[in-house]
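Taking it in order: structure first as structure tokens, then the write-up.
Only the coordinates and a few stated rules stand behind these numbers; no lab work does. The model shown is predicted, which means the values in this text are computed figures rather than measured ones. Reconstructed Cβ throughout: ideal geometry from the backbone, glycine too, with neighbour counts over all protein chains shown.
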Amino acid sequence: MTAAVIVDHVSKRYRLYHERNQSLKASLLRGRRARYEDFMALDDVSFEIKEGTTFGLIGENGSGKSTMLKCMARILRPDGGSITTRGKVSALLELGAGFHPELSGRENVYLNGAILGLSRREIDALFDEIVDFSGIEQFIDAPVKNYSSGMYVRLGFAVAINVDPAVLLIDEVLAVGDQEFQNKCTDKINQFRSEGRTIVVVSHSLSSVGDLCDEAALIEHGHLVKVGPAAETIDHYLSEILSVDPATLGIARRSTGEIKLQGVELLSINGGAPDVVELGETVTFRFHYDVKESVESPVFGMSLTSSEGTLVTGTNSKEQGLSTKVSPGRGYVDLVVPRLLVAKGRYHVTGTIYDSTQKTPIHEVGNLHTFEVVEGALRTSGITSLGGVWRAGA
Amino acid sequence: MNQLREYYERRELLSNLVLRELRSRYKRSALGWTWSLLNPLSSVLIYWVVFGVFLKVKAPIGDPSGQGNFVLFLLCALIPWNFFSNGVTQSIESLVVNAGLIRKVYFPRELLVASTIGGLLVTFLIELGVVITVLLIAGNMVLPWLPIVVLLVILQTLLVLGIGLLLSGANVYFRDVRHFVNLLMPMLFYSTPVVYPISYVPVNWQVAGRSIPLRSIYEMNPLVQLVSAYRALLYDLTFPSIGSLAYIAVWSIGLVLVGQFVFNRLDHRLAEEV
Ligand SMILES: Nc1ncnc2c1ncn2[C@@H]1O[C@H](COP(=O)(O)OP(=O)(O)OP(=O)(O)O)[C@@H](O)[C@H]1O
Ligand SMILES: [Mg+2]
């Protein structure tokens, strides 16, 4: 596989000014530029991102993740080493895109499109899709300074993802959107991946990095600590770095790394299109996991969330009295649903593994899987179906 | 040459940025574009009253046009001067003003300087159109001279672009640059024959028993040549000397080259310093 991004011994130095009064007088008096110290934000970092994969950058605040992404986007120029990218790069950095506050959403879409190298005609063709995806048709002619931060990110993301980039860089912005938009983004990112494009995400949400990314790199104080499969990098982060600092352990509880959910498979007896289930059909949710250390009777939990973000239902294996010891290696548990009685629409599956006390989640993945329920013989209105049968009276 | 190709390749973006410039300039102002004509009108009024009426500056009779109107004399130089002065002061600020864009997306940053000047060039051309119409009404048949006026406009745009490139990067590192230029601009204005004819400048100046060739020194300023060339074409209806056109061209092209060179050096750390 070819590399979409090659980071080759990259170093980036910032200047930390001791007294930053950019004044000529001060520097003339001192005989040179304002006094500063060099600060290595990135120090000899090298890794490759394969084409068609999703890559995560993790690390503590100030470790250099955004700096890395800005170097990839060519906004910053590395002081040492080089970065090679293949194809068009589009970036969505902290706090959204480079919009002009006084101009309307529409004008900004055209401006940003032009910055990303599109011609007017190309943007014309994409415009409806962009506005549609952002979901802010109503405000498209209002100046963006009046947008809420969520709307800002929506439009920024819609532009960045619809301009047909080969490499998409996302820095910690999607969390601003509401649940509906986040689901939309997850879907779009999945579609993006399946089209063989490359995505680089910076995120503090380890569960979403574990969820989205194939590989990940851990950066600490500008140094590359680890790069490799996402799960391994996250484990390394949790055990090696977060354990040192108890203050940040809040995130660590999310996954202790002993056992990890790998994914869900939907098995239906009719065997129709994958991830499309007919209302009332029998389906099996198969949760695949990977165990590092044996866990005494873990509890498996799952919940369904509708595309609007409503929690539809949840269940766990303890309620059903399932008790099983898992030993290192891969395995799976099944949740058999005799009749799936939720109304038509898209649903997201959240998977959780607790220890036997059910207090500590060992691993939780927010958006493990998405599937669609369609109507067949059985129809319903509202959010669920009773699955009942009408009979005529005597 | 590389830079030329870059400008050409990103012309779509350049025109977009110019449009943005034009659109945002008079956003939320009731008079909108009328302002771009009201501003020069008010300065013409002031200079006419102060210099033409109070100080009795006499416009020389145009040769061969025979024109002697002080307001027309003023307009032919003031409108190009305004383009120069606004172009320099605004393009110096163009990077700082667009910090949000520079920090978020990559594109050749010199386009910000170029588009700021591009926006002003549009206003300049409109104003020039108005002036030409007025001149035609006043009986100055300027039409045959227009191709050379266009050449002058191109040279002047390059001159402004060169200064903009040279100073806008520096202004990111030292915000003093802007204040310094604001200080310098009125000096330049009065050392350029806009509100008075060049004949008012003594050829020789006697100081402490020595004779200083003041006029020759004065004429070394490329702006003097530029303004005089506009005036020759529009007011006098004669061809400016080839020497002075060449002098302007050397300055313009030289400044663009130097400006682009300096800009490239400073471009390195723009996104983090701005
Ligand atoms: N323009 C700048 N000038 C000086 N120092 C900077 C500049 N930008 C970033 N830094 C420093 O570089 C370091 C890395 O910053 P960076 O934004 O890359 O961190 P990060 O990993 O993205 O952090 P976070 O998780 O908080 O977003 C920080 O110590 C920061 O203070
Ligand atoms: Mg960051």
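Can you tally the net charge around B:SER228? Count Lys and Arg as +1, Asp and Glu as -1, for every other residue whose Cβ sits under 10 Å from the Cβ of B:SER228.
With Lys, Arg at +1 and Asp, Glu at -1, the neighbours total -1.
Which whole-number percent gives the relative contact order of chain A, counting Cα pairs below 8 Å spaced six or more residues apart?
15 percent
Distance check, please: which entries in A:LYS145/B:LYS104; A:LYS188/A:LYS226; A:LYS12/A:LYS70; A:LYS292/A:LYS325; A:LYS184/B:LYS104; A:LYS65/A:LYS260 exceed 18 angstrom between their Cα atoms?
A:LYS188/A:LYS226; A:LYS184/B:LYS104; A:LYS65/A:LYS260
Could you grab the relative contact order for the stretch B:1-112? Cα pairs under 8 Å, six or more apart, rounded to a whole percent.
23 percent
For A:SER307, B:SER85, what's the fewest-to-most ordering of other Cβ within 10 Å of each Cβ?
Working: A:SER307 16, B:SER85 19.
With the sparsest Cβ surroundings first, the list reads A:SER307, B:SER85.
List the DSSP H helices in chain B whose Cα atoms stretch 24 Å or more along the helix axis and whose mean Kyte-Doolittle hydropathy is at least -1.0.
In chain B, the long hydrophobic H runs are B:70-97, B:110-137, B:146-173, B:242-267.
So what does the Cα-only Debye profile of the protein assembly as shown read at q = 0.07, 0.08 Å⁻¹, as log10 I(q)/I(0), no solvent term?
Calculated log10 I(q)/I(0) at the listed q: -0.63, -0.75.
Mind listing the long-range amide H neighbours of A:VAL326? Cut-off is under 5 Å, sequence gap 5 or more, other chains count too, H placed in the peptide plane at 1.01 Å from N.
Amide H neighbours of A:VAL326: A:VAL295, A:SER297.
What number, in nm² with one decimal, is the all-direction average of the projected area of the convex hull of the alpha-carbon atoms of the stretch A:137-236?
7.6 nm²
Would you please classify the overall shape of the stretch A:3-252 from the alpha carbon gyration tensor, given that a ≥ b ≥ c denote the square roots of the eigenvalues, rounded means a/c under 1.5, and beyond that prolate means a/b larger than b/c while oblate covers the rest?
Values: a/c = 1.68, a/b = 1.16, b/c = 1.44.
Here the stretch A:3-252 falls in the oblate category.
Where does the charge balance sit around A:TYR289 when Lys and Arg score +1, Asp and Glu -1, over other residues with C-beta under 11 Å from its C-beta? Could you put the intermediate results ahead of the total?
Values: positive: A:LYS260, A:ARG286, A:LYS292, A:ARG330; negative: A:GLU258, A:ASP290.
Charge balance in the 11 Å sphere: +2.
Just how far, in whole angstrom, is the stretch A:345-369 from the stretch A:116-131 if you go by their alpha carbon centroids?
39 Å
Report, as an integer, the average count of C-beta atoms from other chains found within 10 Å of each Cβ along B:101-111.
Rounded to a whole number, the mean comes out at 6.
Based on other C-beta atoms within 10 Å, arrange B:MET141, A:MET68 from fewest to most.
Working: B:MET141 10, A:MET68 30.
Fewest-to-most ranking of B:MET141, A:MET68: B:MET141, A:MET68.
Relative to the longest principal axis of chain A, what angle (0 to 90°, nearest 10) does the C-alpha long axis of helix A:179-194 take?
80 degrees
Pull up the DSSP beta bridges for the protein assembly as shown and report the antiparallel fraction as a percent, rounded to 5.
Values: 68 of 88 bridges.
Antiparallel: roughly 75 percent of the beta bridges in the protein assembly as shown.
Would you mind telling me the antiparallel percentage of the DSSP bridges in the stretch A:3-252, rounded to 5?
60 percent
Can you pull a Stokes-Einstein diffusion coefficient for chain B at 20 °C (1.002 mPa s), Rh from Kirkwood over Cα pairs, as a whole number of µm²/s? If you can, show how the numbers build up before the last one.
Details: Rh = 19.9 Å.
Rounded, D is 107 µm²/s.
Please list B:73-80, B:209-216, A:112-119 highest first by mean number of surrounding beta-carbon atoms within 10 Å per residue. Intermediate results must be reported in sequence, preceding the final value.
Details: B:73-80: 25.1, B:209-216: 11.0, A:112-119: 21.2.
Ranked by mean Cβ neighbours within 10 Å, highest first: B:73-80, A:112-119, B:209-216.
Relative to the first principal axis of the alpha-carbon coordinates of chain A, what is the inclination of helix A:120-134, with its axis defined by its Cα atoms, in degrees from 0 to 90 and to the nearest 10?
For helix A:120-134, the angle is close to 50 degrees.
For a test of the definition: using alpha carbon positions, the gyration tensor, and the 1.5 limit on a/c, classify the stretch A:259-374 as rounded, prolate or oblate.
prolate
Please give me the summed charge of the neighbours of B:SER199: other residues whose Cβ is under 14 Å from its Cβ, Lys and Arg +1, Asp and Glu -1.
Residues near B:SER199 contribute 0 overall.
Within a 10 angstrom radius of each residue's Cβ in A:6-18, how many Cβ atoms of other chains show up on average? Whole number is fine.
1
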